[in-house]
Amino acid sequence: SNIKLPYLIVSQNDFYVSSILLSKPNFITDKKVDGELVFLNDKKNKNIKNKIIVIENADPGFDWVFSQKIKGLITKYGGVNSHMSIRCEELQVPAIIGFGEDNYRQILKEKKIFYDCKNQKIGIKSI
């Protein structure tokens, strides 16, 4: 009673709570790849040649990574029709697009990974 609600929310019946569903990653190409992970949280140029790049968002601002001869790409968010999905398909870069929050959080502590896009298999590689 002490909160003034906007016109669209006038009672508790106007709220809907949904759970976060586990996402199904989109595997791009039919290739297999294994290698060292490099996490990019900004657009600064790092040594990423022959590495698997991990980013949160699949936006065009990261197109520069394709000029660095990367092994693969993993994104937290994005779909099969996202910009990075299309670029990976065009350039035949094995990718996992839209890996999801839980999966992404799990690989943050990893150094190496392998994945098989054709069979949609992922594994952690021992160093």
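The values are calculated or read from the model by the stated rules, or taken from the named source; none is laboratory data. Please read all numbers here as calculations on a predicted model, not as lab measurements. Reconstructed Cβ throughout: ideal geometry from the backbone, glycine too, with neighbour counts over all protein chains shown. The accessibility values were calculated without ligands, DNA or RNA, using every heavy atom of the protein model including side chains. Shrake-Rupley method; radii C 1.70, N 1.55, O 1.52, S 1.80 Å.
Criterion first (assigned to a loop (DSSP other than H, G, I, E, B) and either open to solvent by less than 90 Å² (accessible area, probe 1.4 Å) or modelled with pLDDT of 95 or more (or both)) does GLU90 satisfy it? Talk me through it step by step, then tell me what you get.
Details: assigned to a loop (DSSP other than H, G, I, E, B): no; either open to solvent by less than 90 Å² (accessible area, probe 1.4 Å) or modelled with pLDDT of 95 or more (or both): yes.
For GLU90, the condition - assigned to a loop (DSSP other than H, G, I, E, B) and either open to solvent by less than 90 Å² (accessible area, probe 1.4 Å) or modelled with pLDDT of 95 or more (or both) - is not met.
Which of the residues spanning segment 57-69 are in contact with a Gly (Cβ under 9 Å, 6 or more places away or on another chain) and either in a strand (DSSP E or B) or surrounded by 15 or more Cβ atoms within 10 Å (Cβ to Cβ) (or both)? Passing the criteria: ALA58, ASP59.
What's the total number of residues in segment 19-44 that are modelled with pLDDT under 75 and either open to solvent by less than 100 Å² (accessible area, probe 1.4 Å) or part of a strand (DSSP E or B) (or both)? Steps first, please.
We begin by selecting, within segment 19-44, every residue modelled with pLDDT under 75; these are 19-23, 42-44.
After this cut, where a residue has to be either open to solvent by less than 100 Å² (accessible area, probe 1.4 Å) or part of a strand (DSSP E or B) (or both) as well, the list is 19, 23, 42.
Residues in segment 19-44 being modelled with pLDDT under 75 and either open to solvent by less than 100 Å² (accessible area, probe 1.4 Å) or part of a strand (DSSP E or B) (or both): 3 in total.
Figure legend. Inter-residue proximity from segment 85-109: first residues touching a residue at least 40 places away in the same chain (Cβ under 8 Å), second residues open to solvent by 60 Å² or more (accessible area, probe 1.4 Å) and of a type outside the set (A, V, I, L, M), beta-carbon distance below 7 Å, spacing 6+ or different chains. Indicated pairs: PRO94/LYS31; GLY98/TYR77. Considering the conditions (1) under 20 Å from LYS49 (Cα atoms); (2) surrounded by 13 or more Cβ atoms within 10 Å (Cβ to Cβ); (3) at pLDDT below 95; (4) of a type in the set (Gly, Ala, Ser), GLY78 is excluded by exactly one of them, (1).
Right, GLU110: of a type outside the set (S, T, N, Q), more than 11 Å from GLY72 (Cα to Cα), touching a strand residue (DSSP E or B) at 6+ places or on another chain (Cβ under 6 Å) and modelled with pLDDT of 95 or more or not? So GLU110 fails the test. Taking the conditions (1) touching a helix residue (DSSP H, G or I) at 6+ places or on another chain (Cβ under 9 Å); (2) at pLDDT 85 or above; (3) buried (at least 16 other Cβ atoms within 10 Å of the Cβ); (4) not hydrophobic (A, V, I, L, M, F, W, C) in turn, ASN47 satisfies each one other than (3). Does ILE52 qualify as being at pLDDT 95 or above and either under 14 Å from the mean Cα position of the chain (by Cα) or more than 22 Å from LYS118 (Cβ to Cβ) (or both)? Considered against the rule, which asks whether it is at pLDDT 95 or above and either under 14 Å from the mean Cα position of the chain (by Cα) or more than 22 Å from LYS118 (Cβ to Cβ) (or both), ILE52 comes out as yes. Can LYS125 be described as in contact with a Lys or Arg (Cβ under 8 Å, 6 or more places away or on another chain), open to solvent by 50 Å² or more (accessible area, probe 1.4 Å), among the basic types (Lys, Arg) and at pLDDT 90 or above? Criteria not met by LYS125.
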